[in-house]
Amino acid sequence: MSIEECLAIDFEVIDMDNIMMIKDYLEINKFEESNHNLVNMILWMKWYPLFYVKHDNYLILLGVHEGEMFIYMPLCKDEYLKEALDCAKKIFEHYHTRFVLSCFIEEQMLKVKKILPNIEVIDVRESYDYVYSVESLKTFKGKKLQKKRNHLNYFYANYDYQYEHLNKDNVLECIEFLKQWKDDTDDDFLIAEKEGTFRILQLFGKLEYKGGLIRIDDKVKAFAIGSVLSDRMCQENIEKADDSYRGLYQAMIQQFLQNEFSDFEYVNREDDMGKENIRHAKIAYNPCFMIKKYKLVEV
């Protein structure tokens, strides 16, 4: 029996019936990190299933990656962090497996090291989040964004477009657009992402996110969805566009931020998953900073 099957027997799995209870715990910490985001969790819940241990003082989220069990950052006040870690440790001891903690930002990693000194810290570069100035992506000013600005200017010069806030009517058109987006792919990861995106779109009005779309010739050709991480930072959870239109991706992010998250200072556009083409694309947008993430393993 796999560790995932064991967890499914011993713990409750996060599903659409109970996931909203995570919201209050996320509010305690307001981590500016892409994995600890409700929309992101729902998006990937089939690919990365979550199990939980709920306590008045903390919430522990358990995950499995490549057959290895781990916990995410405990959702709790600092005064309860040791209590949460002690509880999590006992779970790993029960399964006779090493204690692994994943997706930890530097601040939380340092707190854990004080509580558990026998911890090996592993820098996970492919999990770093790319964080951008909202203002820079609203304007595309400066030398470092020259190439992106050229694509953007080409789009505005050559296509008649309309931007719309996502609503209960046009979200159905986004679903129809998504059905045809990359419909010939055999990439399991991309297929899982599409499935999760359908789930998010179908939850419009029930889940706290904002979205926008771009029409060309009265047809949806791009859309984006984002949510709030903190008072200063939003997260772009989803961005899809027909890449046959030069500059459409640049126009989508610009219009999306101008219309939906204009008052925020930063936008987290998530990690690159270790894929060189995605890394190159994210670096080309000139991030302000990266949110480093670590894996912690007790030795």
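The values are calculated or read from the model by the stated rules, or taken from the named source; none is laboratory data. What you see is a predicted model, and the numbers here were worked out from it, not measured in a lab. Positions of Cβ are generated from backbone atoms using ideal geometry, with glycine treated the same way; all protein chains shown enter the neighbour counts. For the accessible areas, the whole protein counts, side chains as well, though only heavy atoms, and no ligand, DNA or RNA atoms are used. Shrake-Rupley method; radii C 1.70, N 1.55, O 1.52, S 1.80 Å.
Side notes on the structure shown:
- Count of residues meeting criterion [under 21 Å from G226 (Cβ atoms), open to solvent by 40 Å² or more (accessible area, probe 1.4 Å) and of a type in the set (S, T, N, Q)] in segment 256-299: 4
- The residues listed here are A241, A224; of these, the one that is within 20 Å of E32 (Cβ to Cβ) and open to solvent by less than 10 Å² (accessible area, probe 1.4 Å) is A224.
- Candidate set from segment 98-113 (those that are of a type in the set (A, V, I, L, M) and assigned to a helix (DSSP H, G or I)); member that is most open to solvent (accessible area, probe 1.4 Å): L110
- Residue check, D15 out of contact with any strand residue (DSSP E or B) (no Cβ under 9 Å at 6 or more places or on another chain) and surrounded by fewer than 14 Cβ atoms within 10 Å (Cβ to Cβ): yes
- Meets criteria (open to solvent by 60 Å² or more (accessible area, probe 1.4 Å), at pLDDT below 95 and touching a strand residue (DSSP E or B) at 6+ places or on another chain (Cβ under 9 Å)) for Y95: no
- Contact map, segment 62-89: first residue free of Cβ contacts under 8 Å to residues at least 24 places away in the same chain, second residue open to solvent by 60 Å² or more (accessible area, probe 1.4 Å), Cβ cut-off under 8 Å, separation 6 or more or different chains; pairs are P74/Y80.
- The condition (being over 24 Å from K30 (Cβ atoms) and under 16 Å from the mean Cα position of the chain (by Cα)) is satisfied by just one residue among K240, K293: K240.
- Only one entry in Y52, Y58 is open to solvent by less than 20 Å² (accessible area, probe 1.4 Å), touching a residue at least 24 places away in the same chain (Cβ under 8 Å) and more than 18 Å from the chain's Cα centre (by Cα), namely Y58.
- Candidates I28, I71 - the one that is in contact with a Cys (Cβ under 7 Å, 6 or more places away or on another chain) and closer than 24 Å to E106 by Cα: I28
- Those residues of segment 136-157 which are open to solvent by 70 Å² or more (accessible area, probe 1.4 Å) and within 19 Å of Y266 (Cα to Cα), in sequence order: K141, K144
- Members of segment 255-280 found to be in a helix (DSSP H, G or I) and aliphatic (A, V, I, L, M), listed by number: L257, I278
- For the residues F99, F140, F92, the requirement of being out of contact with any helix residue (DSSP H, G or I) (no Cβ under 8 Å at 6 or more places or on another chain) and of a type in the set (F, W, Y) singles out F92.
- Among helices (runs of 4 or more DSSP H) entirely within segment 134-220, having at least 1 residues that are farther than 18 Å from G247 by Cα singles out 134-139, 170-180, 188-202.
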